[in-house]
Every structure is written in C-alpha cells, then in structure tokens.
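Q: Could you have a look at this structure, given as structure tokens, before my questions?
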Amino acid sequence: MGDWSMTSPLGVSMENSEISSISRVTLSSSRQNHDSLYSSSLPLSKSSHNVLSAFCIEENVPQCILYINQELSSLGLASMCIATPVEATLNSVPALNAMYELLQAQRRSQRSLEALEQDLLRTSSTLEHLQTGNYRLKDQLELLKREKSGLHEKERQLQLKIETLQSCLKSEKEEIQKLQNIIAGRASQYSHDAKRKERECVKLKERLGQLLIDKRDKKLAIDVLNYLGRSDGKRIQWKTGKAGTSHEGDMYKSLLNDYEARQQSLMVENSELKKVLQQMKRDMMYILSPHKPCAKASPGDDSPERGFPPAGLEGQDEVGECSRENLDQSCEKAREQLTYSIRLQWRRLKNHMEKLDSQVSLAQTQQQSGSEEAVPREVHEEEMQRMRLEVQQGKDFIHTQQQLLQKQLNSSFDDETAALLNDCYTLEEKERLKEEWRLFEEQKGNFERERKNFTEAAIRLGHEKKTFEEDRAAWLKNQFLNLTPFVDRKKYSLSDSQSALSIRSEPELQQSYTPAKLTKSSTYNEFSTTYSSISDGLPSTTELYRTLHLIQPETRHSKRGSWQEPSSPIRAENLFGKSKCSVRCRDPCILSLDKDGDSPI
Amino acid sequence: MNFSEIFKQSNQLCRISPDGRYLATCVQYRLVVRDVNSLQILHLYTCLDQIVHMEWSSDSLFILCAMYKRGLVQVWSLEQPDWHCKIDEGSIGLVSSRWSPDGRHILNTTEFHLRVTVWSLCTKAVSYIKYPKACQKGIDFSRDGSYMALAERRDCKDYVSVFVCEDWHLLRHFETETQDLAGLEWSPNGCVLAVWDSCLEYKVLLYSLDGRLLSSFSAYEWSLGIKSLAWSPSSQFLAIGSFDEKVRILNHITWKKITEFEHPATICSPKTVVYKEVEKRPALSIQDLSSHSVSSGCPLLAVQSKYEISQPPFQIPVVKPDLDRANPKVGVSSLAFSADGRYLATKNDNMASVVWVWNMQKMSLEAVLEQTAAVRCFQWDPRRPRLALCTGTPRLYLWSPAGSVSVQVPSEGGFQVHALSWHSNGDSLVLIGKEHLCLCYMDTEDKSTDSNIWTK
C-alpha cells in the first residue's frame, strides 16, 4: 500500500507534466495562430491596431509580411506565399488562404485541447476512484492484519492449551502406568499372601488333625445297632491290588462303552447321511437324465449339449456302482471314490445349470433383439415368408374382387342406368341451385333489413338535425334579443340555461360568447357575421317581417335580426314568449346577475 | 389339580423317597415318614436335636438326619424302626453330610474342610479323605453312582480325585488348570467331568474319566465369569450361565460353542410366547361375601392372578445391579434342562421375576414367563416337559409347551410357596412353605380337563 501511495503521486505528476506540456504546446501553437491572424488582420484594421500592437506598424509592414511569410513557411503553410518576395507586399489570396488554414488549425487544436481536457478530467476522476479504492483496500488490509494477528494469538493460546493437555495426558498416562504397576504389584502380593495364608491354613489344619488324632477323640465314633449288608447284596471284599486293577478295567470298560456308544451313534448318523447323499445323487441323476431324449430329439443341437447326456448316463452307472460299493465298504479308498464321484456329479450339475442359465439368457436376448441364432431364425424367416405369402394372397384376392366388381359395374352400365345417373346429376344440380337460391334470398333479406335500418337512421338524423336547427334558432333569437343594451346582462343567464339543455350547443355558445365579449374588435365582428350568414339557412320573409314588427321598440339592432331565423312558428312563439318573459322579469334577472357576479363566468 | 391338607415342617426339610413311596418331613427334632398317597404317618423318629439336614438313601431304606451344631448324624431305617445308627464327628465339627450312592456309606465333611470322613454302615470302617476344597460344589457322584469326583487343594493348587465308590479306591488324581476351582460336575453318562473356575475367571475344563483333559473353554477374559453350569440329560450339551447374562451351549464332540442364549430386556421375536402374570383383585358384592362365608373356606380377599399373552415388543423389568458390591445380582444363576432334554429353563438374576424357556431343538427362545414377584425356585417334571415354579406367593405356576397356568394354592393361613420338588413319577408335587408343606396332585387320568385349565 505504502508503495502504491508513494508511486501514485509520481504518476499523477508525470501525467500532469505531460498534460501541461501538451497544453503549452497547443497554447503556443494557438498563440502563433493568433499572431498570424493578428498579423493577417493587420492591414485590414490598421488604424485601430496601430497603437495597440507593437508587431506591425506602417513602417515595418514589409518586414512583418516577410516575417509572417517565413513563419508560415516554417509552419508548413509556405506553399503559398502571402507576399511576393520582391515587393514584400501583401498578396491577399494566399494570405486569406493561410488565414483560413490557420483558423482551421486553430479550431482543430481547440478541439483536441477540449478532448484532451476531457481526457484529463476522466483520468483524474478515475484516479480519484482508484485512490478511494486504494484507501478502502488499505483499510481492509489493516482490518485483515488485525484479524490475522488475533487469530495468531488465538492459535498460540490453543497451542499452549494443547501442550498443557498433552503434558496432562502424559502425566495421566504415567499415572495409569503407575497404577497398573501398583495393581500388578498388589495382585502378586495378594496372591503371594493368599498362598502363604493358605499354607498356614493347611499347616494349621494338619496340626488340628494331628491333635485330634493324638487326642483319641472318644466322641468320634459310630454307633450302629447291627451292620448292614451291602445294597447289592454282595459280601464286603478286602482291598487288594486285584481290586485296583479291576477298577481300572471297569473304568476303561465304561469309557470304552461310552466311546462305542458314541461311535455307534456316529455310525448311524453317518449311514443316514449316506442315505441322504444317495437320495440326492439319485435325484441329481434324475434331473440330468431327462435332458438326453430332448437333446436327441433336436437334431440341430450343438455338439457339447449332445455330447453331455451320454456322459451323464455313463457317470450314472459308474457312480451307482461306486455308491453301492460305498455303502458296503467304508474304507479310505471308498470314501475317496465317493467324494470324487460326488464332486464329478456336482460339477456336471453345475455345468448343466450354467448351460441352462445361458440358454435361458440366450432365449431372452433372442426375444429382445430378434432372431440371431440359426435355427430360430430359419423358423422365423419361414414364418415371415408364410405371412408375406398370406398377405400377398389376400391382396390378390381383394384385387380380383375389385376387378370383378368393376367388371360387373361396367357390364351393367347401359342407357337406362345412364339416364338414371343423369337424373341423379340434374337432381344434384337442382339441389345446389336451390341452395344457392336460398342463400340469395337470405342475403336479400339482409340487404332489406340493412336498408331499412339505414333509412331509419337517416330519418333519425333528420330529426336530430331539425332539433339542432331549432335549438340554434332559439339561441340565435335569444342572442339577438339580448343584444339590446338593456338586456345586456340577461343573456348570460339565458344562455346558461340553454347550454344546460343540450351539450351539442355548447361550442356554438362559446362561439357566440366570444362575439359578445369582443364586440369592440371590428374585424372579428365582421368575420363572425359573415360566418353566421353563410352557415344559416334562408329565413322566410313573412316571419322575418313579423319578428321585425314585433321587436319594433328595439330597432337599434334590427340589422342583426335580419339573419335570425326561427324554423317553426310554434318555436317562434315560444321564443317570443321567452323573450317576453325575459323582458318582463328583467328586474329579477338583474338580481340574479348580482348573484352570478360571484360565479367564475 | 388337587391339593392335600397342609402339614408342618421345619427348615424346609421335606423329601420324597427315591422310589416315590414315602414322604419324609422334619418337624424340629422329629422325623415323620408318611405314605405319599394316603399321607398317613408310617414312622415317627425322634432325633437328639433339631434336624438341619435330612436325606434319603438311594434305596429308600434309610434316612439320614444331620445336626451340624452338635456334629451328629443319625440314620433311621424304614424296614427296622428300632434299628438306629448315630455318628458323632466329635470336636472336629461337621458342616456337611451326605449319603454315598450305594446307601451304605455316609460322607461327612468336617469343619474348616479339614477332611471328609467316610463312614461305612456295613463295616463300621472309617476312611478319611484329606484336603477337600471348600467350594461351590466340591463333591459330585456320577449318575450311576460308581465314581466320585472330589476337588482338592494342595500346595495352592487344585486337584481332582476320582474315587470308585464301591470301595473308595482312588482311581485318578490329577491337577487341574484352574486358578481357583469352583466346582465340578459329572456328565450324566459319567464319562466326562466338567470343572470350572471361580467367577474371577471364565474357564471350563473338561476331563475324561481317566483324567485326560479333553478340552477347555473360555468365552471372555477379565470380567466376572461362570455363575452356573448344567449338563443336558443326554450329555450332549453343556450349558454355561455366566455373569454377562448369557448362556453358552457347548457340544460334546468338539466341545466348542454351538450357540449363545442372550437374555435381552426386550423380546421382539414373534415366535416367542410371552406369558405375563396379571394380578386382579376380585370385586366382591355383599352376596358374594355372605355366600362365600357360608360355602367355602377359600380366602376371600385373595388376589387372583392369571397369565396373559403379551404381544412381541415386550419389555422385561430389569433391576440395575450394584456392580461395585461382591456377588452382584446379575447373570444367569440357574439352569435346568427338561427331562427329555428338549427345553432349557434359565433365570437371569437382574430379571428376577422372569423365567426363560429355550427350545434346544430350534436353539431359540420358546417362552418367557414373567411373574409379579421374584422367582424363588423352578424345577422340571422328571417325566414330562413341564416346568413348575414358585415365587414366594400362594401360587404355583406351571409351564408346558401347550401353555401356561397359574394356580392358587387353597389354604387359610396364606400358604406361600418358597420351594417345590416333583415326585419322581411327575404326578405330584411337594410345595414347601416357610413352616408348612402341601402336596399338589396333577390330574393325570383325564387329560381333557387338564388341558382345559391350561390357558394358551
């Protein structure tokens, strides 16, 4: 971290220095450009710059031109000299070109400057970001270091603990060893002591016995009325050596008897086992033998299977003999033979079983993945062939049947049937036409209905138009009436009430308001009048007159009333009634207006 | 099942004669001999002191009564009631007295196991056998009565002496490979002697009659070892019960372990029949009371009990033994083969109320009998596969492969059965209480009613 913090300012400074140098370069170039610009503009604004710039004055124009020329050439714009070398006067076209190029160059440099500045900004921001990241990482590092040290400490403590525990264990082990030694020592001591005590005890007993014998214990006696005979009725015998040997003999006899009995039982067991064995063998042979005819029956059998059953039979005979011998003689050789034969038999049985197993598995595989073996495959193919033949036969049969049917049909296709067929066709046609007709009729009906609807709609439209016209007429009349100065205020309330009547009248009302409001603007007034005159239909003269006549006292607005057109006499009457009403109740209207003054209108 | 009336006895001394004709009981210092069938007193003998031990001779002609405190043995004859015999061991003391198999000799073990005195009733001759070992079972006679094996201790080593009982001729004397011999037992055919070490070491040694070591068997080391041992009647199996709550069965050909019977606390096998004794106090009405008081002398408020068959996951009550103390109450303490050798009954000490019956043909657990009290004693019928057991309650329990039954002993004074012994023909049973005894007769004639009693 420290390294990074050390190096990062360096990098920044380097970058800065680079940037500054670049900017200086650009600045200098721009200054040069400016200079050249100034210089080029010099002749144009001679008087104004005369005092300010020290570069070019009237006296040193040629020098300046030369200088600038040189400068330009050095800048690589010298292809076109702004001044003729001889006269040292300003050649305007190249100068302008040069100026233009300089300007371009200046703009370019400006742009690059801007880009560089942006770059600078970006890099500085990334730098900042990196620095913050750096700080964060530093903090993290610090934290981890602390953690590490903590863990180290813990580990150290645990190590210490382990060490103490190990030492403890060691001491415990030593303790155990010691204790074991102690126990062993004590055990040996104990056994030694026990032996000693026992010896002492024996000695004491002997002494006691001696003492008792020495004492001639009178008490020690048997008092029997008369002696008893032996339980077996024999007379008592003297103890002699002969008796001892006879005892030995008896013992051995009894032992022998026992062994004989045991041997007998073992013999019995053995013979039973042998019987079982025999039985098993017979069963085995029985299991093995029926394989033979079946094997012989199938001629396509493979050789080992064919070869096996006779061998088995041989074995049977041989083993049968063996076993019979075995039953009779139970010597070593016979046993060997027996075991041998049994083993042989067993192996055969095992082989057989394996074969059977493999056959079963083979059969299974055949079932699963089609015929693979020769014999079943043949059978299979035969079957297939047969079935194919059958299919073919069936097909042929069907074909002939079809043909026969066709032939029969063809043979019976005379004029009669043709007519019948034709009739059939015309009937069909008729049916189709009828269907079409029906469809047509349906369509017609539909059209009729539509037309009816349409006319109805037209009528409705007409009605609506009429009502609209009426409304409009009424409104206009009102407007017209309200145009009188004394009823100036009243129209609002009236128009209000009308607008409540129908929604459609609203925009027109608005329209009508505006002229009322903007009466002073002459142009608008004109426009509105023309518009109204165009839109309205022609009024009947009689009614016009009548209205004029009626509104005689308010002649001031007669001109306007000219385009007023009430569509129906009833309506007109209504209107008049209204107008009358409005006139009549002027005062309350005013009152109401006062009320309306609060309203937003 | 019928019960006799109750007779008095002391020290639980009641023996049926080996021929099955007489019943001898001791009441204090009197010996009473009755006819088993009629229960009439045939003879009454009076001894010099309270009788501590009583034994019939093998021919059922003589009865031995021992008074250990006085060092006296008195012998009575049934044929000649006035014949008497008194053996005084004198100041050397007496701890044990027994008949020899021929019924003409008496073997007395003196105090401190100083010696064994052999008294002959035929010749008045006395023989001494020195250094007998004081142990669990130091003397054993072979079944046919021709040989006696005696454990001896000389020079801190164990020896076995084999005597011919006919003339007490020492046939064989050999050292055994035991640390501390605890017992010996002849096989029923009398050809193999099983010798086992004390409980500190699991070790069984099998010796032939001629003193050859046939085999030795040790199941484990360091832990407490053998607690009990039993031969099957055919000598084919040797069952060894040990402190680890297992019974190990050895065979007689290789002397290797055939199988191992564990005594689990939970019976899971559905093949095992679990009989659980259920006690029930009868709800008595006034009528019952009145009728009872008039009609029968049966105890009124006696608790009735019966066996119920429990379903497989059966939990056996286990008492946790205090292993720190000597002779902890854990392990197989009693083993008994049935007379036909098909069943083995065992008792595990930390499951004291349970008797286990094992099938020796299937080598599996056949039945489990759980009683409400700790089992005091169990014994097989000498003729049939039938097990009788008692728990110190006034009830007798019987098990047979057909089923199991609990029978109330009818008595007024609350006769509690502490021990029992079968008659040799298996038709009757002596039930021994604390100071009384009673005979129980099995219904042998009509088996139908018998089988009805058995609840299966």
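The values are calculated or read from the model by the stated rules, or taken from the named source; none is laboratory data. Small disclaimer: the values here were computed from a predicted structure and weren't measured. Don't worry about glycine lacking a Cβ; one is built from the backbone with ideal geometry, like all the others, and counts go over all protein chains shown. Heads up: the accessible areas ignore ligands, DNA and RNA and are worked out on the full protein's heavy atoms, side chains in. Shrake-Rupley method; radii C 1.70, N 1.55, O 1.52, S 1.80 Å.
Q: Can residue A:251 be described as modelled with pLDDT under 90 and in the same structural domain as residue A:335 (by TED's automatic domain parsing)? If you could, list the steps in order and put the result at the bottom.
A: Values: modelled with pLDDT under 90: yes; in the same structural domain as residue A:335 (by TED's automatic domain parsing): no.
For residue A:251, the condition - modelled with pLDDT under 90 and in the same structural domain as residue A:335 (by TED's automatic domain parsing) - is not met.
Okay, residues lined up against (1) surrounded by 11 or more Cβ atoms within 10 Å (Cβ to Cβ); (2) out of contact with any helix residue (DSSP H, G or I) (no Cβ under 7 Å at 6 or more places or on another chain); (3) within 11 Å of chain B (Cβ to nearest Cβ); (4) modelled with pLDDT under 75:
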| residue | (1), (2), (3), (4) |
| --- | --- |
| A:226 | no, yes, yes, no |
| A:231 | yes, yes, yes, yes |
| A:237 | yes, no, yes, yes |
| A:243 | yes, yes, yes, yes |
| A:267 | yes, yes, no, no |
| A:270 | yes, yes, no, no |
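Q: Mind checking which residues of the range B:6-29 are farther than 22 Å from residue B:415 by Cα and away from chain A (no Cβ under 14 Å)? Spell out the reasoning first.
A: Here is the first cut: in the range B:6-29, the ones farther than 22 Å from residue B:415 by Cα are B:17-22, B:29.
Listed by number, the residues that qualify are B:17, B:20, B:21, B:22, B:29.
Q: Of the conditions (1) at pLDDT below 70; (2) surrounded by 13 or more Cβ atoms within 10 Å (Cβ to Cβ); (3) assigned to a helix (DSSP H, G or I), residue A:81 satisfies every one except a single condition; which number is it?
A: (3)
Q: When the residues of the range B:108-125 are narrowed to those that are under 13 Å from residue B:168 (Cα atoms) and not in a loop (DSSP other than H, G, I, E, B), which ends up nearest to the other protein chains (Cβ to nearest Cβ)? So that I can check it myself, show each step before the final result.
A: First pass over the range B:108-125, keeping only residues under 13 Å from residue B:168 (Cα atoms): B:116-120, B:125.
The next check asks that each one be not in a loop (DSSP other than H, G, I, E, B); those that pass are B:116-120.
Details: B:116: 12, B:117: 8, B:118: 11, B:119: 5, B:120: 8 Å.
Residue satisfying both the conditions and the ranking: B:119.
Q: Out of all the residues in the range B:64-73, which are touching a Ser or Thr at 6+ places or on another chain (Cβ under 7 Å) and more than 10 Å from chain A (Cβ to nearest Cβ)? I'd like the intermediate steps shown before the answer.
A: The first filter runs over the range B:64-73 and keeps only residues touching a Ser or Thr at 6+ places or on another chain (Cβ under 7 Å), leaving B:64, B:66, B:73.
Across the range B:64-73, the qualifying residues are B:64, B:66.
Q: Okay, moving on. Among all residue pairs at least 6 apart or on different chains, which show Cβ distances below 8 Å where the first residue, located in the range B:368-388, is under 21 Å from residue B:423 (Cα atoms) and open to solvent by less than 10 Å² (accessible area, probe 1.4 Å) and the second is part of a loop (DSSP other than H, G, I, E, B) and among the hydrophobic types (A, V, I, L, M, F, W, C)?
A: Listed by first residue and then by second, the contacts come to B:375/B:352; B:381/B:339.
Q: Quick one: in the range B:41-63, which of the residues that are within 14 Å of another protein chain (Cβ to nearest Cβ) and open to solvent by 60 Å² or more (accessible area, probe 1.4 Å) is farthest from the chain's Cα centre (by Cα)?
A: Here the residue is B:48.
Q: Can you tell me which residue within the range A:393-412, out of those that are of a type in the set (Gly, Ala, Ser) and part of a helix (DSSP H, G or I), is least open to solvent (accessible area, probe 1.4 Å)? Step through it out loud before you land on a result.
A: Taking the range A:393-412 as the starting set, the residues that turn out to be of a type in the set (Gly, Ala, Ser) are A:394, A:411-412.
Still in the list and also part of a helix (DSSP H, G or I): A:394, A:411.
Working: A:394: 29, A:411: 93 Å².
Within the range A:393-412, the match that is least open to solvent (accessible area, probe 1.4 Å) is A:394.
Q: Scan (1) within 18 Å of residue A:280 (Cα to Cα); (2) modelled with pLDDT of 60 or more for the single condition residue A:361 breaks and write down its number.
A: (1)
Q: Starting from residues that are part of a strand (DSSP E or B) and among the charged types (D, E, K, R), keep the ones in the range B:126-142 and report whichever is farthest from residue B:163 (Cα to Cα).
A: Taking the range B:126-142 first, the residues part of a strand (DSSP E or B) are B:126-130, B:132, B:137, B:139-141.
Next cut, among the charged types (D, E, K, R) only: B:130, B:137, B:140.
On the way: B:130: 13, B:137: 16, B:140: 10 Å.
So the residue we want is B:137.
Q: Still on this model: Looking only at the range B:146-179, which residues are of a type in the set (S, T, N, Q) and not in a strand (DSSP E or B)?
A: Residues of the range B:146-179 that are of a type in the set (S, T, N, Q), as a first pass: B:146, B:161, B:176, B:178-179.
Listed by number, the residues that qualify are B:146, B:176, B:178, B:179.
Q: Quick check on residue A:459: is it among the β-branched types (Val, Ile, Thr) and either assigned to a helix (DSSP H, G or I) or at pLDDT 90 or above (or both)? Lay out the reasoning, then the answer.
A: Details: among the β-branched types (Val, Ile, Thr): yes; either assigned to a helix (DSSP H, G or I) or at pLDDT 90 or above (or both): yes.
Yes: the conditions hold for residue A:459.
Q: Which is open to solvent by 20 Å² or more (accessible area, probe 1.4 Å) and not aromatic (Phe, Trp, Tyr), of B:125, B:182? Give the derivation first.
A: Numbers: B:182 fails: open to solvent by 20 Å² or more (accessible area, probe 1.4 Å).
The unique qualifying residue is B:125.
Q: For the range B:148-164, does any single residue satisfy the condition of being in contact with a helix residue (DSSP H, G or I) (Cβ under 8 Å, 6 or more places away or on another chain), surrounded by 22 or more Cβ atoms within 10 Å (Cβ to Cβ), modelled with pLDDT under 95 and within 14 Å of chain A (Cβ to nearest Cβ)? Quick ask: steps written out before the conclusion?
A: Looking only at the range B:148-164, we keep the residues that are in contact with a helix residue (DSSP H, G or I) (Cβ under 8 Å, 6 or more places away or on another chain), and these are B:153-156, B:164.
Next cut, surrounded by 22 or more Cβ atoms within 10 Å (Cβ to Cβ) only: none.
The answer is no, given that none of the residues of the range B:148-164 is in contact with a helix residue (DSSP H, G or I) (Cβ under 8 Å, 6 or more places away or on another chain), surrounded by 22 or more Cβ atoms within 10 Å (Cβ to Cβ), modelled with pLDDT under 95 and within 14 Å of chain A (Cβ to nearest Cβ).
Condition check ((1) among the β-branched types (Val, Ile, Thr); (2) away from every other protein chain (no Cβ under 14 Å); (3) under 23 Å from residue A:261 (Cβ atoms)) across all residues:
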{"site": "B:207", "(1), (2), (3)": "no, no, yes"}
{"site": "B:219", "(1), (2), (3)": "no, yes, no"}
{"site": "B:222", "(1), (2), (3)": "no, no, no"}
{"site": "B:225", "(1), (2), (3)": "no, yes, no"}
{"site": "B:236", "(1), (2), (3)": "no, no, yes"}
{"site": "B:244", "(1), (2), (3)": "no, yes, no"}
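Q: Could you identify the single residue in A:210, A:177 that is out of contact with any Phe, Trp or Tyr (no Cβ under 9 Å at 6 or more places or on another chain), farther than 30 Å from residue B:88 by Cα, without any contact (Cβ under 8 Å) to a residue 40 or more places away in the chain and in a helix (DSSP H, G or I)?
A: Values: A:210 fails: farther than 30 Å from residue B:88 by Cα.
On inspection, the qualifying residue turns out to be A:177.
Q: Would you be able to tell me the number of residues in the range B:75-107 that are more than 7 Å from every other protein chain (Cβ to nearest Cβ), among the hydrophobic types (A, V, I, L, M, F, W, C), closer than 30 Å to residue B:35 by Cβ and not in a strand (DSSP E or B)?
A: Taking the range B:75-107 and keeping what is more than 7 Å from every other protein chain (Cβ to nearest Cβ), we get B:75-82, B:93-101, B:105-107.
Next cut, among the hydrophobic types (A, V, I, L, M, F, W, C) only: B:75-76, B:78, B:94-95, B:99, B:106-107.
Filter again for closer than 30 Å to residue B:35 by Cβ, leaving B:75-76, B:78, B:99, B:106-107.
Okay, now just the ones that are also not in a strand (DSSP E or B), so B:78.
Matching residues across the range B:75-107 total 1.
Q: Within 25 Å of residue B:408 (Cβ to Cβ) and aliphatic (A, V, I, L, M), is that true of residue B:339? Step through it out loud before you land on a result.
A: Numbers: within 25 Å of residue B:408 (Cβ to Cβ): no; aliphatic (A, V, I, L, M): yes.
When the stated conditions are applied, residue B:339 does not pass them.
Q: Tell me which of these residue B:213 doesn't satisfy, since it passes every other one: (1) modelled with pLDDT of 90 or more; (2) away from every other protein chain (no Cβ under 14 Å); (3) under 28 Å from residue B:364 (Cβ atoms); (4) open to solvent by 40 Å² or more (accessible area, probe 1.4 Å).
A: (3)
Q: Would you confirm whether or not the range A:184-194 contains a residue that is within 30 Å of residue B:116 (Cβ to Cβ), assigned to a helix (DSSP H, G or I), facing chain B (nearest Cβ under 8 Å) and open to solvent by 80 Å² or more (accessible area, probe 1.4 Å)?
A: Filtering the range A:184-194 for residues within 30 Å of residue B:116 (Cβ to Cβ) gives A:190-194.
Adding the requirement that they be assigned to a helix (DSSP H, G or I) leaves A:190-194.
Restricting the remaining residues to those that are facing chain B (nearest Cβ under 8 Å) gives A:194.
Narrowing further to those that are open to solvent by 80 Å² or more (accessible area, probe 1.4 Å): none.
No, the range A:184-194 contains no residue that is within 30 Å of residue B:116 (Cβ to Cβ), assigned to a helix (DSSP H, G or I), facing chain B (nearest Cβ under 8 Å) and open to solvent by 80 Å² or more (accessible area, probe 1.4 Å).
Q: Need the failing condition index for residue B:69 against (1) under 25 Å from residue B:130 (Cα atoms); (2) surrounded by 16 or more Cβ atoms within 10 Å (Cβ to Cβ), just the number.
A: Checking residue B:69 against (1) under 25 Å from residue B:130 (Cα atoms); (2) surrounded by 16 or more Cβ atoms within 10 Å (Cβ to Cβ), the one that fails is (2).
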